[in-house]
Amino acid sequence: MILTNIGTIKEILSRHGFSFSKGLGQNFITNPDICPRIAENGNAREGFGVIEIGTGIGVLTAELARRADKVCAVEIDSRLLPILDETLADFDNIKIFNEDVMKCDLHKIIREEFSGLKAAVCANLPYYITSPVLMLLLESRLPVESITVMVQKEAAQRLCAKVGSRESGAITVAVNYYGSAKQLFGVSRGSFMPSPNVDSAVIKIEPRSTPLLDEENEKFFFKVVKSGFSQRRKTAANALSSIMGIPKENIYSALRELDLSETARLEGLEMEQLIEFSKILKKSMN
Ligand code: SAM
């Protein structure tokens, strides 16, 4: 069964009385080049178990299962289960979890289902939860080699931007803190059914194996980033003193130690500068 064939998709969906849910971000891939490229770039290979988020009718699931030892796919929409029984009938290495990915214990799945295997995440993400899903995977330090996901083009640009550049935001800092992200390729809106109003891109995040900061410094770092980026136009000194109540003198002195201007804004700092700034600031307050 060719799951990118529009006629095939329409036939299966109508036979099962399935209608697309916009709210669940259901845009299924119809361009045959995309899923093999996601699978090949996303560590779907021997020795790997792959977690997929959102199966749709299983077009990417099948490509992953062809290459990896095992695929565990989380799909919230129970209407897709009878369809998947049909479309993925030829595979014996796929397990579907009918759950909300935001509530699902992915650590447990990796522990129990991928014993002896390395793990990776691959997905065409439902766009309404791109950032929460990525933050969940990264903050919970899911033990995976890579996270290869399709997201909206604009989200991809932000996620893969250089920290300190104009496109960068708090999420860019978070992704760079937990790992490194790069854009692999763009995907036009015509590659899906139904077509979304935006183009997409596939990105790959490789999480770091060791954290950049200890637990206390990490907590403080994210408070600083959140405060600084929530008031982007303000100088670091104004934003952090008003939101976190840090004395301005401590902020000025941390900036001076890094040869930065007292009027610097956090959004203009590079990753290493942000980390050092936060460390120096925290130390000055002990
Ligand atoms: N992988 C398929 C493809 O590429 O054709 C479908 C991708 S579609 C963009 C997103 C999928 O995620 C849909 O099947 C949708 O039902 C599912 N989904 C949406 N919200 C979800 C959630 N919170 N947890 C798990 N799956 C979800």
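The values are calculated or read from the model by the stated rules, or taken from the named source; none is laboratory data. Keep in mind it's a predicted model, so treat the numbers as computed, not measured. Ideal geometry is used to build each Cβ from the backbone, glycine not excepted, and the neighbour counts take in all protein chains shown. Just the protein is used for accessible areas: all its heavy atoms, side chains included, with ligands, DNA and RNA removed. Shrake-Rupley method; radii C 1.70, N 1.55, O 1.52, S 1.80 Å.
Tabulated data for the structure shown
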item: Test: residue in region 145-153 that is within 12 Å of the ligand (Cβ to nearest atom), under 24 Å from residue 28 (Cα atoms), touching a residue at least 60 places away in the same chain (Cβ under 8 Å) and assigned to a helix (DSSP H, G or I); result: no
item: Residues satisfying the stated conditions in region 5-44, i.e. aliphatic (A, V, I, L, M), more than 11 Å from the ligand (Cβ to nearest atom) and closer than 14 Å to residue 193 by Cα; result: 6, 12, 13
item: Residue check, residue 70 more than 9 Å from the ligand (Cβ to nearest atom), at pLDDT 95 or above and within 14 Å of residue 194 (Cα to Cα); result: no
item: Residue that is nearest to the ligand (Cβ to nearest atom), among those in region 73-87 that are assigned to a helix (DSSP H, G or I) and out of contact with any helix residue (DSSP H, G or I) (no Cβ under 9 Å at 6 or more places or on another chain); result: 80
item: Residue check for residue 234: surrounded by 12 or more Cβ atoms within 10 Å (Cβ to Cβ) and not in a strand (DSSP E or B); result: yes
item: Count - residues of region 54-64 that are free of Cβ contacts under 8 Å to residues at least 60 places away in the same chain and open to solvent by 10 Å² or more (accessible area, probe 1.4 Å); result: 2
item: Residues of region 45-67 satisfying the condition of being assigned to a helix (DSSP H, G or I) and away from the ligand (no atom under 12 Å from the Cβ); result: 65, 66, 67
item: Qualifying residue in region 154-173 (condition: basic (Lys, Arg) and within 16 Å of the ligand (Cβ to nearest atom)); result: no
item: Any chance residue 151 is touching a helix residue (DSSP H, G or I) at 6+ places or on another chain (Cβ under 9 Å), open to solvent by less than 10 Å² (accessible area, probe 1.4 Å) and not basic (Lys, Arg); result: yes
item: Members of region 91-121 found to be open to solvent by less than 20 Å² (accessible area, probe 1.4 Å) and either without any contact (Cβ under 8 Å) to a residue 40 or more places away in the chain or near the ligand (Cβ under 9 Å from one of its atoms) (or both), listed by number; result: 101, 104
item: Which numbered condition residue 185 fails, given (1) open to solvent by less than 30 Å² (accessible area, probe 1.4 Å); (2) part of a loop (DSSP other than H, G, I, E, B); result: (2)
item: Cβ pairs under 9 Å, 6+ apart, first in region 187-198 and farther than 17 Å from residue 154 by Cβ, second away from the ligand (no atom under 11 Å from the Cβ) and open to solvent by 50 Å² or more (accessible area, probe 1.4 Å); result: 193/6; 193/10
